[in-house]
Amino acid sequence: MIVADRRVQPVSSDYFQEIEFHFARRRGTPFMVSTKDWALMKKWAEEGVPLPVVIEALDSVFDKQDAKGKKVNSLHYCRHAVKELWDERRELQIGSETVAPEEAPGPRLDALAEALGSYPDYADRVRGLVREQSVPRIEEALMTLETELIDLLAAQVTELRTEAEALAVGADEKVRARSTDAHLRRLVRDHFGIPRLTLF
């Protein structure tokens, strides 16, 4: 069953940046997050909605609207899709004959560690998270490890930052900085074959 303490754990700022970036990329134009959208992202974080679930739900909304030739102008428009997908995933996990990540994260952590075989120190740290008794804490630690590894690798290939800066959108300096960071994370993941570190 789903653990009860999902709602009380802090979430890295990367969670919000990744959602912002993905929405802006799918929209194809600079995106300024409204107060209502920030509140919605905070609500998702507090409810423990995993980042991959949010991204998948956003993609489904954009795919449907793109097919109709319509634009999505607000994260708030995607709120029902995120809720429905997360409810669906939790129901599948509860009813599945296999063990869900919430119940036994060990196999998923082992798979992530295996994918990080070229970075044994990080692979060991990922495996070591099995000692945690809280899935939200594991998710937070995985996000921190991913950021640390991406920062390390980004410093080795400086041209990726140049490419990320060229892709960045937004007239505001803070928006451009967030967009650059999100592009850089994606480029580094693609260049080095780094998986997204999450249980989901």
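Read-outs throughout are calculated quantities, based only on the coordinates presented, and are distinct from any laboratory measurement. Keep in mind that this is a model prediction, so the values were computed, not measured. Here the Cβ is made from the backbone with ideal geometry for all residues, glycine too, and neighbour counts use every protein chain on show.
For the stretch 60-66, backbone phi angles converted through the Karplus equation (6.51, -1.76, 1.60; θ = phi - 60°) give residue-by-residue couplings of 5, 5, 5, 4, 5, 6, 4 Hz, Gly and Pro being listed as x. Taking the number of Cβ atoms within 10 Å of each Cβ as an exposure proxy, the fewest-first ranking of W38, W86, W44 is W38, W86, W44. Taking the average, over residues, of other Cβ atoms within 10 Å as the packing measure, peptides 78-84, 183-189 rank 183-189, 78-84 from highest down.
Converting the Cα gyration tensor eigenvalues of the stretch 7-192 into ellipsoid dimensions via √(5λ) gives semi-axes, longest first, of 27, 24, 14 Å. Per-residue 3J(HN,Hα) values for the stretch 129-143, derived from phi via the Karplus relation 6.51 cos²θ - 1.76 cosθ + 1.60 with θ = phi - 60°, read 5, 4, 6, 5, 9, 10, 4, x, 5, 5, 4, 4, 5, 5, 5 Hz in sequence order (x marks Gly and Pro).
The phi-based Karplus calculation (6.51 cos²θ - 1.76 cosθ + 1.60; θ = phi - 60°) puts the 3J(HN,Hα) values of the stretch 105-113 at x, x, x, 5, 5, 4, 5, 5, 4 Hz, whole numbers, x for Gly and Pro. Placing +1 on the Cβ of every Lys and Arg and -1 on the Cβ of every Asp and Glu, with nothing else charged, gives the stretch 7-192 a dipole about its Cα centre of roughly 800 debye.
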